[in-house]
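Asker: My structure is below; once you've seen it, I'll send some questions.
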Amino acid sequence: MSKLNPYKKIILSLKEQGKSCRIISEHLKNQHNFAVSGRAIYAFLQKNYKPNVFEAKLDDSNFNLNSKWSHGWLKTKEASIFIKNKEGIISFDEMRAKFITEMSEYSPSYKKVKRKDITDKHLLVIDIADLHIGKLADKSETGDSYNSDIGVKRALEGVNGILSKAKGFPIDKILFIIGNDVLHIDNANKSTSAGTTQDVDGMWYKNYEIARDLYINIIETLITVANVHVVHNPSNHDYISGFMLADSVYCWFRNHKNVSFDVSNAHRKYFIYGKNLIGSSHGDGAKMADMPLLMANEAPLQWANTFYRYIYLHHIHHKDVTKFKSGKDYQGVTVEYLRSPSGTDSWHHRNGYQHAPKAIEAFIHNKQFGQVARISHNFLSSKTF
């Protein structure tokens, strides 16, 4: 039994107020004549306190910065956040409490959508592959215009077009695959996660906000059709910022009863729908031919309980389909690269990589009979205008 148990309510109450472990330790000493270290408080809270998602990422009990300050980095295992205090008038604890309060307001209250029961059920998979918000392409150089505004317009047009084309099917679930280079760069240096400099439209933080608002807009649209499961695929252009983006979208909808999420940083994700096992990955890591065996090893129970198996890949922006029709390890698995709606930038044009058509793709899966339809929403290239 912990010696801190008699003070549990006091400790948890102070923690809810945003107090650091050091402040809680000083309070117990000064107000209750009980001496305990900040490290002991930290260990106690790890077992007895369940913070909300925002505070969990902001709280660092070893970060003792209560004096007035102008700027600094707040680092945890999950993230590193740069913070400016322009007027230098508040302490770290005050800033943290204010930030948590403000961030908590970014999870609006949604009413659960009640739906009629569907007998012939279908899953709609919508996959906006490699949108590259922030990519800049100039028509005079590449013959193709592209920027953040064009990317957003294509994403919204594509989703609405797919929903319109899918009206003939009774949809009871939507699998919305996000990530996959939704952001063109990963930092303020205008480079990818690996440090490759890119031609960029706009500031990195503005493009982050654009992508976040776009995903929120799309998910709110999809909810009107069916319950939504959101899957995030980490990718090479925005490995860190893409993960944070997916997490922020999760935080927005975390109280919504009609939306579920798989936004971990696992490189391959699996989703089961009736007799369908659907895998997705960015496609820049494991080889295409290895994907079926990886699926069997990483999702053995889902593999055993399904008959139709599909893996959707991204990264190369154009169509490349391989169906493994024979071989005991690959029997019946379809592995497919998807088209991208993004434009051709300077590097791709110079090296002769011209993916066409620009498109957003979707797939309809019957619960009992597998993939029964494919939908492509194609975009006219700016070369034709």
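Asker: About the Cα centre of segment 122-384, how large is the charge dipole given +1 on each Lys and Arg Cβ and -1 on each Asp and Glu Cβ? Please answer in debye to the nearest 20. Don't skip to the answer; put the middle values down first.
Answerer: Values: 27 positive and 26 negative charges, 191 e Å.
It comes to approximately 920 debye.
Asker: Quick one: which residues, 5+ away or cross-chain, put their amide H under 5 Å from the amide H of Leu277? H built at 1.01 Å from N.
Answerer: Distant-sequence amide H within range of Leu277: Phe307, Tyr308, Arg309, Tyr310.
Asker: Check Leu131: other-chain or 5+ apart residues with amide H under 5 Å from its amide H, H built from backbone geometry?
Answerer: Residues meeting the amide H criterion: Val182.
Asker: Same structure, new question: Between the alpha-carbon centers of segment 16-36 and segment 141-179, tell me the distance in whole angstrom.
Answerer: 53 Å
Asker: Separate question: Hey, what do the phi angles of segment 358-364 turn into as Karplus ³J(HN,Hα) couplings, whole Hz, using 6.51/-1.76/1.60 and θ = phi - 60°, x for Gly and Pro?
Answerer: 3J(HN,Hα) across segment 358-364, in whole Hz: 6, 7, 10, 10, 9, 9, 10.
Asker: Ordered by residue, what ³J(HN,Hα) values in Hz, to whole numbers, does segment 26-41 give under the Karplus form 6.51 cos²θ - 1.76 cosθ + 1.60, where θ = phi - 60° and Gly and Pro are x?
Answerer: With coefficients 6.51, -1.76 and 1.60, one gets 5, 4, 4, 6, 7, 9, 10, 6, 10, 8, 8, 7, x, 5, 5, 4 Hz.
Asker: Let me ask something additional. Using 1/(1 + (r/R0)^6) with R0 = 22 angstrom and r between the beta carbons of Ser164 and Asn265, what's the FRET efficiency to the nearest 0.05?
Answerer: Details: r = 34 Å, r/R0 = 1.54.
Efficiency for this residue pair is about 0.05.
Bear in mind these aren't lab numbers, they're just calculated from the coordinates by the rules spelled out. The shown structure was predicted, so the numbers you read here are calculated from the model rather than taken from an experiment. Quick reminder, even Gly has a Cβ in these numbers, built from the backbone with ideal geometry, and neighbours come from all protein chains shown.
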